[in-house]
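To start, the structure under review is shown below, and the notes come after it.
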Amino acid sequence: MKTIGAISTALSIALLLPASAGAQQTARERRAADTGTATLRGAVLSGTSRQPLASVPLKLRSVPEHRLVAETTTGTDGGFVFSKLRAGGYRVLVAREHAEAYLGSVFVGVGAVVSETFIKGPILAGRVLNDRGAPVSGIQVCALSYSEKGVPSQAAPSNQFVTTELDGTFVIHDSLRGQARYLLAASPDGCALGVQRPQERLATLPAAFYPDAVDPAGATIVDASSDQDRTGLVIHMKPGAVTRVEGRLLGFENQTVVPSRAILEPAPGVVSLVRTATITADGRFTFFSLRPGKYKVIVPPRGDKTSEPTYAIATFDVHGEAMLPIALKMERALWIAGDITFDGSEQPYFGVKTYSSITASPVYPRRDVGSLLPAPFSQIDARSRFMITGLLPIGYVITTQGFQTLGWLPVEAVATRAPGGMPLPDAFTVPLTLNPGEGIFGMKVKFTSHASTITGRVIRTDGSPAGYGAVVIFAAGDGATVQGKPSLNVRVDMNGEFESPVLITGDYLVAIWPMAAVPAAQLPEYLAALRKTATKVTVKTGEKAQVTLTLK
């Protein structure tokens, strides 16, 4: 009976296994499973084409011991096999001279046969040396990739920077690409890969471009691909006149275990990165290796609501001194408060809890600085009031969340700096700039459930559609605006049709925008002339005003 039970159990297990599992195992792998050892097999493919890569040297190291377990080379089909493995974790690495690039991690069980596919991109490897030829450790090496047209890539994968080891070596594996062009730099303060222009994405603190250029325009471009790695690269760090800045915040308070940070905006004309520094519990921070110039430091308000939100902003000059102490006074953060109306009335869901909110999104001249600034928000109370706190004296646009799902569309967000003052532009579309020590009370945010728009067609004189152009919409009154702007451009689709965003009721002027480039200095005069040829359209509440324009 025991024999029959054992046979039944074995048959049950066999029926649960995929039918192809046994067929795919080689005789050697089956022997390994029988002896209680495991096998790892797979393939290495190119980063973009996903084609197999032959003759790639691989190493297998144990985790966490980092012990070398085995070595092999991929075949013509990109395949590889590591056999007789003990159960545990492993890292698969590409082996190059004096460098190992990480491909991936796997875990194998006792007697298991594991199949994995790894993606390989270009590998950049080398050393960072100082002016005396000694290795420099703890330095981040940044790799800026270029497109085929020589335009800086907008992608910023996290594996495009790495910290040098004790012997100054670095290895960067860009697994997201199969072929690319790179510019390398070494930075003592880290890499900010989210900026667009290469001058701002590479550090010269001190000057450290590959191989010896001190300006990114003169730096050498490195070409690499999945099947053509670049090793033996050398980056020479050069000494320069740099300053350590020791900052202290007066009136700083942090009642949490989460540290605050200070943001350093580089000096105009200095090729540098936007950097941050951790603020200690007693309000101190340090920035290293600043070149001469005028800098700005920003300490944004904390968003944890444990204390009154405060901020600090200051500019300071660096002249090449070894150490520069600076002190910043924490100021009370600013605010925007107001109320919301829905088709002219208060919240139609009075007394019912909703999850709608209103946000002040920062608008800053440098996008990389703006991306580090908080975007405070406020929930809406039962009487449709809000108050956004923790703001800086910079520009903000108002955005909303949760209203559209309830059927409400934003119309405008208008405020004044003082009671009875001139209304400011619509903060939904034009940044509202806050002044130091001056918040905004009484902002009026309007929503509607009736979408009022202008729709129409653009045709040629023979009646055929004139597609892929644009129309411009003006408010009819003198000095009036469209969503807070002097004019509003709307795209025309391939069928010559267009539809404006949501508009408030009133009279508008609509004109065809010729697709000719207009210099910025001449734009006001050009728009004034275009306004004179526009067609008047009246927009009523909840209606779509229609107009047909003829391209002559």
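The sole residue among 298, 313, 336, 340 that is under 30 Å from residue 451 (Cβ atoms), of a type in the set (Val, Ile, Thr) and within 29 Å of the chain's Cα centre (by Cα) is 336. Summed over the range 49-68, the residues that are buried (at least 17 other Cβ atoms within 10 Å of the Cβ) and either of a type outside the set (Lys, Arg) or more than 17 Å from residue 96 (Cβ to Cβ) (or both) give a count of 5.
The set of residues from the range 361-417 being assigned to a strand (DSSP E or B), among the β-branched types (Val, Ile, Thr) and modelled with pLDDT of 85 or more comprises 363, 388, 389, 397, 398, 399, 400, 414. Pairs are defined by a Cβ separation below 7 Å, a sequence spacing of at least 6 or placement on different chains, a first member in the range 522-550 that is outside any strand (DSSP E or B), and a second member that is of a type in the set (Val, Ile, Thr); the pairs so defined are 526/518; 530/472; 534/510; 540/505; 541/505.
The rows are residues; the columns are (1) in the same structural domain as residue 298 (by TED's automatic domain parsing); (2) in contact with an Asp or Glu (Cβ under 6 Å, 6 or more places away or on another chain); (3) of a type in the set (Val, Ile, Thr).
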residue	(1), (2), (3)
398	no, no, yes
422	no, no, no
436	no, no, no
442	no, no, no
457	no, yes, no
463	no, no, no
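Among residues of the range 93-105 that are at pLDDT below 90, those with a Cβ under 6 angstrom from a residue that is surrounded by fewer than 16 Cβ atoms within 10 Å (Cβ to Cβ), sequence gap 6+ or separate chain, pair up as 96/231; 97/231; 99/231. Starting from residues that are modelled with pLDDT of 90 or more and closer than 28 Å to residue 524 by Cβ, keep the ones in the range 461-475 and report whichever is surrounded by the fewest Cβ atoms within 10 Å (Cβ to Cβ). Across the range 461-475, the extreme among qualifying residues is 472. Count of the range 432-460 residues, restricted to those that are within 28 Å of residue 511 (Cα to Cα), assigned to a loop (DSSP other than H, G, I, E, B) and modelled with pLDDT of 90 or more, is 0.
With the structure loaded, tell me whether residue 442 is within 22 Å of residue 528 (Cβ to Cβ), over 30 Å from the mean Cα position of the chain (by Cα) and surrounded by fewer than 17 Cβ atoms within 10 Å (Cβ to Cβ) or whether it fails that test. So residue 442 fails the test.
Taking the criterion of being at pLDDT 90 or above and among the β-branched types (Val, Ile, Thr), the residues of the range 152-171 that qualify are 169, 171. Among residues of the range 393-412 that are of a type in the set (D, E, K, R), those with a Cβ under 6 angstrom from a residue that is outside any strand (DSSP E or B), sequence gap 6+ or separate chain, pair up as 412/426. Right, residue 117: modelled with pLDDT of 90 or more, farther than 19 Å from residue 183 by Cα, within 32 Å of the chain's Cα centre (by Cα) and surrounded by 12 or more Cβ atoms within 10 Å (Cβ to Cβ) or not? In short, yes.
The values are calculated or read from the model by the stated rules, or taken from the named source; none is laboratory data. Everything numeric here is computed off the predicted structure, so don't read it as measured data. Counting neighbours? That spans all protein chains shown, and the Cβs are built from the backbone with ideal geometry, glycine included.
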